[in-house]
Each structure stands twice: as C-alpha cells, then as structure tokens.
1. Residue 91 - would you say it is modelled with pLDDT under 80 and either under 27 Å from residue 11 (Cα atoms) or under 19 Å from the mean Cα position of the chain (by Cα) (or both)?
2. Can you tell me how many residues within the range 58-72 are assigned to a loop (DSSP other than H, G, I, E, B) and touching a residue at least 40 places away in the same chain (Cβ under 8 Å)?
3. Limited to the range 8-57, what total is found for residues that are free of Cβ contacts under 8 Å to residues at least 12 places away in the same chain, surrounded by 13 or more Cβ atoms within 10 Å (Cβ to Cβ) and assigned to a loop (DSSP other than H, G, I, E, B)?
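The values are calculated or read from the model by the stated rules, or taken from the named source; none is laboratory data. Please read these numbers as outputs of a predicted model, since none were measured by experiment. FYI the Cβ positions are ideal-geometry reconstructions off the backbone, even for glycines, and counts take in every protein chain you see.
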C-alpha cells in the first residue's frame, strides 16, 4: 500500500514539525530511529534532528505499516529491507535503459544539428 502523499515545502524539518505532520509523538519518532536502521535523520550543529522529506515519507510508510496494516516492528523492518533490496537489484537495469534512451536522444539532437548546419550552407 502507498502511504499518503507528502508535499514538502521545506528542505528540512525539526522533530516537532514532523510530529505535527505525522500525528506521532516525538518519542515515537526517536524510538523508531532505533528500530529502523533506514530511518536516520541528520543532526544539525546543535544536535537537533533535521528530517528531510524522504525521512518523513519513510515515517509515514512505517506508520501505515504498523498502525493500518497490522505489521509488527520486526515485520515492517523486514518488509522495508526487502523493498530496499529490490530497489538495489532493479537499479542497474533501470540505469542501463536510461543510458540507452539518452544515447537515442543524443543521436536525434546530433542529426537535427547536422541537418540545420547543412541547410544554412
């Protein structure tokens, strides 16, 4: 299941802001950081957590899995790890296809540039 869409309007959010956005207490977010290795918000110079939009989306996914879908913490962690592994497996194939498409675009651009120069003569 897809978690509710999050529309970020900033690059970084404090834990109190994430708490309000997600409806979770700050202590729950801190606990989940210990339980889910993929949830690692950065800390600023003052030591405060700064969540990026990707972190908030992950929090929302975890919340949905635990609260709506009935996963245990261990089950949600396992599911998220599987998703990450699948993404890592699929990435080389995706990049290879993207490279091929970009090469095709380059050929089209080069052909049109060549035709444009020939027409100017």
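1. For residue 91, the condition - modelled with pLDDT under 80 and either under 27 Å from residue 11 (Cα atoms) or under 19 Å from the mean Cα position of the chain (by Cα) (or both) - is met.
2. Residues that pass the stated criteria total 1.
3. Final tally of qualifying residues: 0.
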